[in-house]
C-alpha cells in the first residue's frame, strides 16, 4: 500500500512537472524575462570649472536621453517610426535596432529638454526618458584641455598615495608643506622647487 502511494505521488509530481514545462512554458519564460536586470551606466555629475573671477569655464548642462525596451511595446514598428520622425532618425535603422535588441536600445542621447517633453507627451509604452549631463566648455577645446589636465593631476596624486610618495617633492624629495597640500592637493613639488621650475 505504501509503495502504491509512493508511486502515485511520483506520477502526480511528474505530471505537474510536465504541465509546467510544456503547457505553461511561455508564461514562466515571460516572467523570467521580466525579472532580468539591465545594467545602464549612470554618469556622475561633475562640478563647475570657474576662472578666478567666478565665471564658468566648464559646466554640466541637463539634457534628455531617450531609451527603449521594444519587448514592452505593443507595436515596436509604429513606435520606431514615430520616434524616428520626432528625433530626425533613420526609421529603418531604428526598426532594425528594436528587432535585434528587444531588451534595451539607446534611441538618442543628450537631446534638449524640449525634445524630451515632446517624446513624453506621446506616452509610448516601452519608451523611457532619463536626465543626463553634457559638459559645455565656454572657451571650447581650450577649457576642455584644462579640465582633463586637472583630472590627470588628480590621478597622479592618487598614484603617489598608493606608492607612499604623496606629500614629498618629486624634485628634492623633501616633505611638502601641509598648508601647500591643503591649498593644492595634487601638488607634486615643494614651494622652493616650484619657484625654480617657474623661472
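Structural remarks
- Looking across the stretch 66-85, the residues that are buried (at least 17 other Cβ atoms within 10 Å of the Cβ) and either in a helix (DSSP H, G or I) or out of contact with any helix residue (DSSP H, G or I) (no Cβ under 8 Å at 6 or more places or on another chain) (or both) come down to 67, 69, 70, 76, 79, 80, 82, 83, 84.
- The stretch 74-111: number of residues that are in contact with a strand residue (DSSP E or B) (Cβ under 7 Å, 6 or more places away or on another chain) and either in contact (Cβ under 8 Å) with a residue 40 or more places away in the chain or not assigned by TED's automatic domain parsing to the domain that holds residue 64 (or both): 9
- Residue 31 vs. criteria modelled with pLDDT under 80, over 14 Å from the mean Cα position of the chain (by Cα), surrounded by fewer than 13 Cβ atoms within 10 Å (Cβ to Cβ) and outside any helix (DSSP H, G or I): no
- Within the stretch 157-167, the residues that satisfy the criterion of being surrounded by fewer than 16 Cβ atoms within 10 Å (Cβ to Cβ) and either in contact with a strand residue (DSSP E or B) (Cβ under 7 Å, 6 or more places away or on another chain) or in a loop (DSSP other than H, G, I, E, B) (or both) are 164, 165.
- Screening the stretch 112-139 for residues that are surrounded by 13 or more Cβ atoms within 10 Å (Cβ to Cβ) and free of Cβ contacts under 8 Å to residues at least 40 places away in the same chain and picking the one that is nearest to the chain's Cα centre (by Cα) gives 120.
The values are calculated or read from the model by the stated rules, or taken from the named source; none is laboratory data. Here the structure is a predicted model, which is why all the values come from computation and not from measurement. Counting neighbours? That spans all protein chains shown, and the Cβs are built from the backbone with ideal geometry, glycine included.
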